[in-house]
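Worksheet: the structure to be examined is printed underneath.
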Amino acid sequence: MTIRGVIADDQEMGRAGFRMIIDDADDMEVIGEAPDGLAAVALCRDLRPDVCLMDVRMPRMDGLEATRRLAGPDVTDPLRVVVVTTFDLDEYVHAALRNGAAGFLLKDAGPTLLLEAVRAAHRGDVLVSP
């Protein structure tokens, strides 16, 4: 089974890096990319990926709000979202999990932990960066 993913990050280099890591895994593929939260919500609702990697700070709509719209407690058919960020702030972790995130990673966590987080989210588990 192939895990289908969407990457939402406002930095093209960030999206390219995540794509390389995910596409290199035998059990995953990237099916779409979004440069902001608003585009991420629309793309995810259209493509229905298994997992979405969501940056926190993005234009038009931040990743925390996009996560709430895709995976929050009021969503009928929630998606699995793993929030990724460079900012090690407790309020981001709490907001992401409260908004339905299935994981929270710092961008410097490394490729192995990123792939583990995607697989965990796909299984229905939650992985939070130490």
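The values are calculated or read from the model by the stated rules, or taken from the named source; none is laboratory data. If you're wondering where the values come from, they're calculated on a predicted model, not measured in any experiment. Neighbour counts are summed over all protein chains in view; Cβ atoms, including those assigned to glycine, are modelled from backbone coordinates with ideal geometry.
Picking from Ala34, Ala40, which residue would you name as being within 14 Å of the chain's Cα centre (by Cα), surrounded by 17 or more Cβ atoms within 10 Å (Cβ to Cβ) and either closer than 16 Å to Ala121 by Cβ or free of Cβ contacts under 8 Å to residues at least 12 places away in the same chain (or both)?
Only one candidate passes the filter, namely Ala40.
Of everything in the stretch 55-68 that's part of a helix (DSSP H, G or I) and over 15 Å from Phe18 (Cβ atoms), which residue is nearest to the chain's Cα centre (by Cα)?
So the residue we want is Thr67.
Kindly list the number of the only condition in (1) under 21 Å from Thr112 (Cα atoms); (2) touching a Cys at 6+ places or on another chain (Cβ under 6 Å); (3) part of a helix (DSSP H, G or I) that fails for Cys52.
(3)
Read through the list (1) surrounded by fewer than 18 Cβ atoms within 10 Å (Cβ to Cβ); (2) under 18 Å from Leu127 (Cα atoms); (3) modelled with pLDDT of 95 or more; (4) not hydroxyl-bearing (Ser, Thr, Tyr), then give the number of the only condition that Arg68 fails.
Single failed check for Arg68: (1).
Go through the stretch 48-59 residue by residue and tally those that are surrounded by 15 or more Cβ atoms within 10 Å (Cβ to Cβ) and over 25 Å from Asp108 (Cα atoms).
Selection size over the stretch 48-59: 0.
Of all residues being farther than 18 Å from Val118 by Cβ and under 14 Å from the mean Cα position of the chain (by Cα) in the stretch 78-92, which is surrounded by the fewest Cβ atoms within 10 Å (Cβ to Cβ)? Just the residue, please.
By that ranking, first place goes to Thr86.
When Phe18 is evaluated against the numbered criteria (1) aromatic (Phe, Trp, Tyr); (2) more than 25 Å from Met1 (Cα to Cα); (3) in contact with a strand residue (DSSP E or B) (Cβ under 7 Å, 6 or more places away or on another chain), which criterion, by number, is the only one it fails?
With (1) aromatic (Phe, Trp, Tyr); (2) more than 25 Å from Met1 (Cα to Cα); (3) in contact with a strand residue (DSSP E or B) (Cβ under 7 Å, 6 or more places away or on another chain) applied to Phe18, the lone miss is (2).
From (1) among the aromatic types (Phe, Trp, Tyr); (2) in contact with a strand residue (DSSP E or B) (Cβ under 7 Å, 6 or more places away or on another chain); (3) part of a loop (DSSP other than H, G, I, E, B), pick out the condition that doesn't hold for Phe87.
That leaves (2) as the condition not met.
Against the conditions (1) touching a Pro at 6+ places or on another chain (Cβ under 7 Å); (2) without any contact (Cβ under 8 Å) to a residue 40 or more places away in the chain, where does Asp10 fall short? Just the number, please.
(2)
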